[in-house]
Every structure is written in C-alpha cells, then in structure tokens.
1. For residue 171, enumerate residues with amide H under 5 Å from its amide H, sequence gap 5+ or separate chain, H modeled in the peptide plane.
2. Hey, can you grab everything whose amide H is under 5 Å from the amide H of residue 207? Only 5+ residues off in sequence or another chain; H modelled, so Pro and N-termini drop out.
3. If I take every Cα pair under 8 Å that is 6 or more residues apart in the range 68-135, average their sequence separation and divide by the length, what percent do I get for the relative contact order?
4. Quick one: Karplus J couplings for the range 229-242, per residue in order, coefficients 6.51, -1.76, 1.60, θ = phi - 60°, nearest Hz, x for Gly and Pro?
5. Below 10 angstrom from the Cβ of residue 247, what's the summed charge of the other residues (Lys, Arg +1; Asp, Glu -1)?
6. Give me the net charge for the shell around residue 270: Cβ to Cβ below 9 angstrom, other residues only, Lys and Arg +1, Asp and Glu -1.
7. Kindly rank 75-88, 271-284 from highest to lowest mean number of other beta carbons found within 10 Å of each residue.
8. Using each residue's phi in the range 61-73, evaluate 6.51 cos²θ - 1.76 cosθ + 1.60 at θ = phi - 60° and report the 3J(HN,Hα) Karplus result to the nearest Hz, with x for Gly and Pro.
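We did not get these values from a lab; they are worked out from the coordinates using the rules stated. This is a predicted model, so every value here is computed, not measured. For neighbour counting, all protein chains shown are included, and Cβ atoms are generated from backbone atoms with ideal geometry for every residue, glycine included.
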Amino acid sequence: MDLRQFLMCLSLCTAFALSKPTEKKDRVHHEPQLSDKVHNDAQSFDYDHDAFLGAEEAKTFDQLTPEESKERLGMIVDKIDADKDGFVTEGELKSWIKHAQKKYIYDNVENQWQEFDMNQDGLISWDEYRNVTYGTYLDDPDPDDGFNYKQMMVRDERRFKMADKDGDLIATKEEFTAFLHPEEYDYMKDIVETMEDIDKNADGFIDLEEYIGDMYSHDGNADEPEWVKTEREQFVEFRDKNRDGKMDKEETKDWILPSDYDHAEAEARHLVYESDQNKDGKLTKEEIVDKYDLFVGSQATDFGEALVRHDEF
C-alpha cells in the first residue's frame, strides 16, 4: 500500500483525522456519518438501523426474527432511558446515537492498531507511527505530487505530543484515539485549531499563500494542480468570512472544526416523530417496540417488505 492509499484509509471520516492532504481533507475534522446508506424511509429503514445501533450491530439484528428483535430492542430501551422515568426523550435518543458513533470511532482505532504497533507491546511510539506512515517518503526532496511530507510529519508530531499526556512519546490506546480523533477530546481542541505551523510570518493570521503552502509545495512548478486552484477559491469564498484577505483565529477554528449539521440530533427528532403515537414529545417502550422495524428491523421484516415492493420478481 503506498502512502496515498494509506493516508486516505486513515481519513475518517470520515472524515477522519489523518489523511493525504487534498482539497477538503487536510486539517478539517468532521463527526463520522451515522450511516453510508441513503436516508429514505420509503425505500428502507437501513439508515435508521445504522444510526440507532451502529452498522455492525445492525447487521446482527438483520438475522433475528421479529420476536427476537422486539425483545432485544426492549432491553436497549432500558439503557437509553437514562433517568429511568419510563420515557425516552429526544435528548436521550441523541445521546444513544452519539454513543453508537463513538463505538465506530473506537472500532476504527482497533482496526488500525495492529498496523502501527510494530513490536506488539500494546503501545504505539511516535517512532513506530512515523516509520509506518512516512517511511522513506521523507527522503524524497522533490515528490512529484507536490505534497510536503515533512510538513505533514511535523503536524502529526505536534498532535501526537499533545495526545500523549505523560510526555513519553508512547501512546496508550486512549492517547492514540485522541491523536486520531482530536475532535472527540476537549484537551485536544487547541491543537486542531492551532495556527503556529501555518502562520509563517507570525502575524496572528493565515493569509492565502500560507493556507495554500500548508498543503502544497510549488517546488518550481508553474502549473498548480486543479485541487489547489479549487482551494484558492474555497479560501476566498468560504474560509475568509469577513473578506479581509486572511483568516483570524475564529475563522481558522470554523475551518478546522466546522459547525456541521448535527446528524444525531436530526435522527433523534426523526425517530421520535415517527414513533410518538400520542404526540406527547416522548416515547414509551411500547411505542418504540411497536415501531421495531424502524429502530432495528429484522430479516423477516425486510423479506416482507421485499414481497410488497415486488423486488424479488
């Protein structure tokens, strides 16, 4: 696997925190998507299943009978009802869906762990991460793709050190999770919005050339790749909100940690709306279990829907 493919695999999220710098994936941190399925209830409830359960758990429910789905859903409802008042609110549903998102993040870290823990000691040192990620690419002073690998490594090292709370340059699994997903940890927020390594003239702002230079190295090339031209347009149209030719700290934060549409909140609202039979703004266990096909589904239900839609014929 070459570096381009490897870094793209690390992106989340995603969005996820480590990626080959491209037109939209260099520094920006987004929350992971609830599902890669299309959210269209008229077609299926697959998106809702992934959002409510997490994609892997949703696959497990696909193998259950309706009766088994209802029984397990009832047990999940007891967990969602945090204050144990017998009702599930929109806020409690949102928290549960966020929990499913977090599980995706931890699963992502687990999937990458073996790749970096070269000596299998249950820890990942900065040297291990650097060697696996960059290797001999740092020896090439003139990469033909224009990417500045040394600058990328400096940025990664800064974030690694911030995640490494005890300062020994060796990450535990929790520290490595903070490194890969800094947007999930309050103590990492400063590092994802830092300006020091972009603001070359130390004036407290990021101008257009500093912004482009963070991602692309000209190295004497007269013709910029198309994605660089696109980034210049993005800077002028969207990054520099007050049109003063530079990004201040708040504009930089909006770039690094965008105020994304809250998918978990929207999904929680959708589930309540679809299931709240008496329209009191909250759900009983009975209301949720009655709509088990929306929340968790089952193989039998999917088969029944297929017959109704004549998909099998």
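1. Residues meeting the amide H criterion: 124, 125, 126.
2. HN-HN under 5 Å from residue 207: 247.
3. Relative contact order here is 15 percent.
4. 4, 5, 5, 4, 5, 4, 4, 5, 7, 10, 6, 7, 5, 8
5. Around residue 247, the charge tally is -4.
6. Around residue 270, the surrounding residues sum to -3.
7. My ranking of the peptides, most packed first, is 271-284, 75-88.
8. 5, 4, 8, 8, 6, x, 5, 5, 4, 5, 5, 5, 4
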